[in-house]
Every structure is written in structure tokens, then in C-alpha cells.
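The values are calculated or read from the model by the stated rules, or taken from the named source; none is laboratory data. Keep in mind the model is a prediction, meaning the values are calculated, not measured. These accessible areas exclude ligands, DNA and RNA; they are computed on the full protein's heavy atoms, side chains included. Shrake-Rupley method; radii C 1.70, N 1.55, O 1.52, S 1.80 Å.
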Amino acid sequence: QGVKLRELKDMEGNLIKTTYFSGSTNESISEELQTGDLVLFSRPCSMMRPCGSVACLGTKLTATASQIMPYDHCAVVILKRDGTPQLMEQTWSKGAQLRPYDLRIVRSLAETIVVRPLHFRRTKSMQRRILRSWHRSTNAA
């Protein structure tokens, strides 16, 4: 897919952090993300397990019939308190999850990934409410 990450390690060689290369397009995009932005994925349905494959094909066929771009998965960006972008998503196998944006993009098998920024005023209280709501829903499960 061409996404390149840089691994930062301590003196003993233990991984401290994984990050994009400075100045890369991926780093620029991740720095511009805001809570509420959408990330759309178009994944190869044939590489999934049978149930996921059927759901993927159904989603793409429905989207194609209604002349929407054929994406089969969506995630919502949530900025943590330290500004690190996370992706909130629901999966068939693991339920609701919050994952680091950069690792999710790198590990994705998607053929196409599109970031759709939503244009609305975001406030600190809105971001706190979203995080609280997320924590409640994942702790209740």
C-alpha cells in the first residue's frame, strides 16, 4: 500500500513508538484529523471469512446500485486528550473498538482508504462527551 512507518526504539532495541516518517503525506493527513471525521475503507471481499465476505459484497452491491462509491467499512476519528487520532469502529468479530489511526491504516488490507473531513465546529466539551460515551459503551459490553 506504500504507507511507511518509522519505529523509535530505546537503547536496548525495545520498541517505544511507531510513527510516520516526518514530512510524509500520511503524517500530514494524521496531523489534520479532527474528532468526527470519517475514514472509509474499500476492502477486497474475497480476502475475508465467509460471513464477512457476504456482508462486504452486499454492502458494495447496494452502494453501487445507489451510485455511491463502493466502500464497505467506515470508522470515525476520535482525538484522544493528547491529540493522538484514534479510529472508532464496529467489527463483526471484535465488536466496538478504538484503535490508533496510524496502525489501523498500515494494517488494513483495503484497496482504497478515504478520509472525509466533516466541516462543523468542534468544542472541547463535545470531544469529552464523545470520549465518555465511548468509554461507557465499551465498558458496558
Reported to the nearest 10 Å², residue 82 has, with a 1.4 Å probe, an accessible area equal to 110
So with the 1.4 Å probe, I'd like the accessible area per residue for segment 88-141, rounded to whole Å². 75
